[in-house]
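Working notes for the structure below.
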Amino acid sequence: MSEVILHHYQLSPYSEKTRLALGLKGQGWRSVEIPIWTPRPKLTPMTGGYRRTPILQIGAEFYCDTLLILRVIEKLGGSGALYPKGQEGLAKAFGWWIEKGSFMNAVCLTIGNMSGKIPQELVDERRPLFRVNLDPQALLPKRAIYLQRLNAHLAWLAEVLADGREFALGSDPSAADLSAYHPIWFARQNGGPEIAELIAFSGLVDPWYARVAALGHGKHTDMTPDEAIEIARAHQPNDPDGWSSEAKNVGIRRGDRVSVTPDDYGNPVHGSLLAWTADEIVIRHEDPSVGKVNLHFPRVGFDVALAEEAA
């Protein structure tokens, strides 16, 4: 099997979630550092302009969104279980709830406390993507709202941990813990002591937080973007054949040119539809500098449409 390559940047909360997943599984990986904001001239040809971070690459297969990336990492084997047997659905549902409820509120709360530390290029680039003005001066007056919203969800997390369990689903860490951890990590890493003190429920959340952080990131070595491009070019993408009648029911057929778009924030990516299953969408993307690659997306959180209908 080709090397596991993570395209990421250090500040990214979802990248931290993935790094911890690789650490939990004891999986070795290669690290490709990407720019925090676009343009990303080395990455874009491989991913069709998909803007979210991180992206996991294995040969000519590119996996987008941590909902899918963590399932791929699970299948690689290794120690621990991201989705413990008998609790797979619970881990997925728990992660969906807490990320949707806490991520953007943690980001807005934190950035509101980062005046003078956020490049204007980042604010301008993320505004149309997030549909939120990330200028700290715009966010700071709304601190009370973001704090209330974040703490409301952390109260539920504290309730889960209140029986003395070490991790969200029991005695062992899982994807559920990583989903709950990374928004708090972002706030504590970047908001300073003031934000860390504002986040409530430390008596229950802090010991759990330390246990998740201790998972680490596993063993990794750096790789250049050009090396990653060469690996993609040197491999032939798979020809997945998974197909669900759901696609037919919404008027989409194998081989149609489609758009795949996050249902909350983000940009559409276009390609030829190869596979549609209960968990995954796969499209074929081609670029002269890379050749043919497959882009994989989770079913949950993404909308698929005929490309001409999405224009």
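Each value in this text was obtained by applying a stated rule to the coordinates, not by laboratory testing. As the structure is a prediction and not an experimental result, all values here were calculated from the model. Note: ideal-geometry Cβ built from the backbone for every residue, glycine included; neighbour counts use all protein chains shown.
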Worksheet item: Got a sec to turn the phi values of the stretch 127-138 into Karplus ³J(HN,Hα) couplings, 6.51 cos²θ - 1.76 cosθ + 1.60 with θ = phi - 60°, whole Hz, x for Gly and Pro?
Response: 4, x, 6, 8, 6, 9, 6, 8, 5, x, 5, 7
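If packing is taken as the mean number of other Cβ atoms within 10 Å per residue, what is the order of 69-82, 240-253, 93-106, 140-153, highest first?
The packing order, highest mean first, is 93-106, 69-82, 140-153, 240-253.
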Worksheet item: Between Thr221 and Asn249, what length comes free when the chain is fully extended (0.36 nm per residue of separation minus the Cα-Cα distance, one decimal in nm)?
Response: 5.6 nm
Discussion item. Which one, Asp135, Asp287, Asp163, has the greatest fluctuation when you compute a Gaussian network model over the chain with C-alpha springs under 10 angstrom?
Written reply: Asp163
Item to complete: With r as the distance between the Cβ atoms of Ala138 and Ala213 and R0 = 25 Å, compute the FRET efficiency 1/(1 + (r/R0)^6) and round to 0.05.
Response: 0.20
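Give me the percent of Cα-Cα pairs in the chain that sit more than 35 Å apart, rounded to a whole number. Provide the component values of the computation, followed by the final result.
On the way: 9374 of 48205 pairs.
Percentage above 35 Å: 19.
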Worksheet entry | For Asp303, distant residues with modelled amide H under 5 Å away | Thr261, Asp263
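Cα convex hull of the stretch 1-82: how many Å³ per residue?
Details: hull volume 6.8 nm³, N = 82.
Roughly 83 Å³ of hull volume per residue.
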Practice prompt. Could you point to the residue in Ser102, Thr221, Ser79 farthest towards the positive end of the chain's charge dipole, with +1 and -1 charges on the Cβ of Lys/Arg and Asp/Glu respectively?
Written response: Ser102
Worksheet item: Excluding same-chain residues fewer than 8 positions from Lys25, which lysines have a Cα within less than 25 Å of its Cα?
Response: Lys17, Lys75, Lys85, Lys92, Lys100, Lys219
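Does the stretch 207-293 classify as rounded, prolate or oblate by the C-alpha gyration tensor (a ≥ b ≥ c root eigenvalues; a/c under 1.5 gives rounded; else a/b over b/c gives prolate, otherwise oblate)? Show your work: numbers first, answer last.
Details: a/c = 2.36, a/b = 1.35, b/c = 1.75.
Oblate.
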Fill in: Cα-projected label distance for Phe130 with Ala162, points at 7 Å along beta-carbon direction, nm
3.2 nm
Practice prompt. Evaluate the distance, in nm, between pseudo-label points positioned 7 Å from the Cα of Asp303 and of Ala152 along their respective Cα→Cβ axes.
Written response: 2.4 nm
Discussion item. So, R0 is 35 Å and r is the distance between the beta-carbons of Glu194 and Asp287; what FRET efficiency does that work out to, to 0.05?
Written reply: 0.20
Worksheet item: Tell me, what HN-Hα J-couplings in whole Hz come from the Karplus equation 6.51 cos²θ - 1.76 cosθ + 1.60 at θ = phi - 60° for each residue of the stretch 110-119, using x for Gly and Pro?
Response: 6, 5, x, 9, 10, 4, x, 10, 9, x
Fill in: Surrounding net charge for Gly23, when Lys and Arg each add one and Asp and Glu each subtract one, Cβ distance under 13 Å
+3
Worksheet item: Hey, what angle do you get for helix 13-25 against the long axis of the chain, alpha-carbon based, 0 to 90 degrees rounded to 10?
Response: 80 degrees
Worksheet item: Residues with beta-carbon under 15 Å from that of Arg126, excluding Arg126: net charge, scoring Lys, Arg +1 and Asp, Glu -1?
Response: +1
Worksheet entry | Neighbour cut-off at most 11 other Cβ (10 Å), DSSP loop, GluC sites (Glu not before Pro), the stretch 106-166 | none
Worksheet item: Does anything in the stretch 110-129 have its amide N under 20 Å from the 7 Å Cα→Cβ label point of Thr38, and if so which residues?
Response: 119-129
Worksheet entry | Inter-part distance where the stretch 96-174 and the stretch 193-213 are each reduced to a Cα centre, Å | 13 Å
Discussion item. Order 208-216, 173-181, 112-120, 6-14 from most to least packed using the mean count of other Cβ atoms within 10 Å.
Written reply: 173-181, 6-14, 208-216, 112-120
